[in-house]
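Trainee: Quick one: structure below, then a few questions.
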Amino acid sequence: MKDIARFLSGFKSFQRTYFCEDNELFANLNEAQHPKVLVIACSDSRVDPALLLGVEPGDIFVVRNVANLVPPYETSPGRHGVSAALEYAVKILKVEHVIVLGHSCCGGIEALMAPDREALGEFIAPWVTIAEPALRGVADTLTHKNGELRQRACEQASVLISLENLLTFPWLRDRVANGGVYLHGWYFDMRKGELLSYLPETGSFEPLVPRCDMSSK
Ligand SMILES: [Zn+2]
């Protein structure tokens, strides 16, 4: 119950900022939301995009799931939660940027890499197979590397798989082709506290916001 009490206190603080003081934000947001950015992030408790990016309510439309994965475009009957959110963001909200935000120490990618993956549960294993091509690529090129480096490579490669899968949605592919939507592959390194971005020119993730220089403090 201690956590719940903390949440109520947190909501009171939020309420003070946006509803008790002279703040017009929600008066406008009640009419409609106009986020320009869709963020696809992991469900992991350490990688909340709103906290990481310091945004206000209404700034980002967010999909979170295990390992920040985007399944390919499929029209088979089913409950396609990620695809529904993507459709809403792209077709209705007309976002201009889609950011796939991966991260270090990802339990979902660890599950993907686990030799006994099937034993992890009835939903996790089939879900993370979306990133199986990333796993195969890492297994082919990094057989000699240690586990942490292999996992990092797999986490980053899975961001690229999600970016590729985004382009299998025909209405998104069209918007990307005509410059209406930009795709971004980002990676939060929580060990170093830095934000990386995938650069197609180098084929690697490079610091977008480098780690703090503690020596200058
Ligand atoms: Zn994760």
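Trainee: Just checking, does segment 85-96 include any residue being at pLDDT below 95, over 18 Å from the mean Cα position of the chain (by Cα), basic (Lys, Arg) and surrounded by fewer than 19 Cβ atoms within 10 Å (Cβ to Cβ)?
Mentor: no
Trainee: Of everything in segment 41-50, what is near the ligand (Cβ under 10 Å from one of its atoms) and crowded, with 18+ Cβ neighbours inside 10 Å? Give them in sequence order.
Mentor: Ala41, Cys42, Asp44, Val47
Trainee: Could I ask something else about it? Would you check if Gly137 is on the phi > 0 side of the Ramachandran plot, of a type outside the set (D, E, K, R) and assigned by TED's automatic domain parsing to the domain that holds Glu96?
Mentor: Criteria not met by Gly137.
Trainee: Any residue that is touching a residue at least 12 places away in the same chain (Cβ under 8 Å), touching a helix residue (DSSP H, G or I) at 6+ places or on another chain (Cβ under 9 Å) and either surrounded by 14 or more Cβ atoms within 10 Å (Cβ to Cβ) or within 26 Å of Glu201 (Cα to Cα) (or both) - is there at least one of those in segment 117-125?
Mentor: The answer is yes; a qualifying residue exists.
Trainee: Those residues that are more than 16 Å from the ligand (Cβ to nearest atom) and either at pLDDT below 95 or under 16 Å from the mean Cα position of the chain (by Cα) (or both), I need them from segment 51-70; list them, please.
Mentor: Listed by number, the residues that qualify are Leu53, Gly54, Val55, Asp59, Ile60, Phe61.
Trainee: Moving to a separate point now. Working only within segment 118-155, note down all residues that are charged (D, E, K, R) and under 22 Å from the mean Cα position of the chain (by Cα).
Mentor: Across segment 118-155, the qualifying residues are Glu132, Arg136, Glu148, Arg150, Arg152, Glu155.
Trainee: Inspect segment 81-102 for any residue being free of Cβ contacts under 8 Å to residues at least 40 places away in the same chain and within 14 Å of the ligand (Cβ to nearest atom) and give the result as yes or no.
Mentor: no
Trainee: For the structure I just gave you, tell me whether Leu25 is at pLDDT below 95 and surrounded by 11 or more Cβ atoms within 10 Å (Cβ to Cβ).
Mentor: yes
Trainee: Here is a follow-up. List the pairs whose first member sits in segment 25-42 and is in contact (Cβ under 8 Å) with a residue 24 or more places away in the chain, whose second member is charged (D, E, K, R) and outside any loop (DSSP other than H, G, I, E, B), and whose Cβ atoms are under 9 Å apart, counting only residues at least 6 apart or on separate chains?
Mentor: The qualifying pairs are Val39/Arg64; Ile40/Arg64; Ala41/Arg64; Cys42/Arg64.
Trainee: I'm trying to understand the selection: among the residues of segment 138-152, which are surrounded by 17 or more Cβ atoms within 10 Å (Cβ to Cβ) and either in contact (Cβ under 8 Å) with a residue 60 or more places away in the chain or away from the ligand (no atom under 15 Å from the Cβ) (or both)?
Mentor: Hits for segment 138-152 are Val138, Arg150.
Trainee: Continuing with the same structure: Restricting the search to segment 166-196, which residues are touching a Pro at 6+ places or on another chain (Cβ under 8 Å) and surrounded by fewer than 20 Cβ atoms within 10 Å (Cβ to Cβ)?
Mentor: Thr168, Glu194, Leu195, listed by residue number.
Trainee: Of all residues in segment 43-80, which are without any contact (Cβ under 8 Å) to a residue 12 or more places away in the chain and not polar (S, T, N, Q)?
Mentor: Passing the criteria: Asp48, Leu51, Gly54, Val55, Glu74, Pro77, Gly78, Arg79, His80.
The values are calculated or read from the model by the stated rules, or taken from the named source; none is laboratory data. None of these values were measured; they are calculated from a predicted model. Neighbour counts are summed over all protein chains in view; Cβ atoms, including those assigned to glycine, are modelled from backbone coordinates with ideal geometry.
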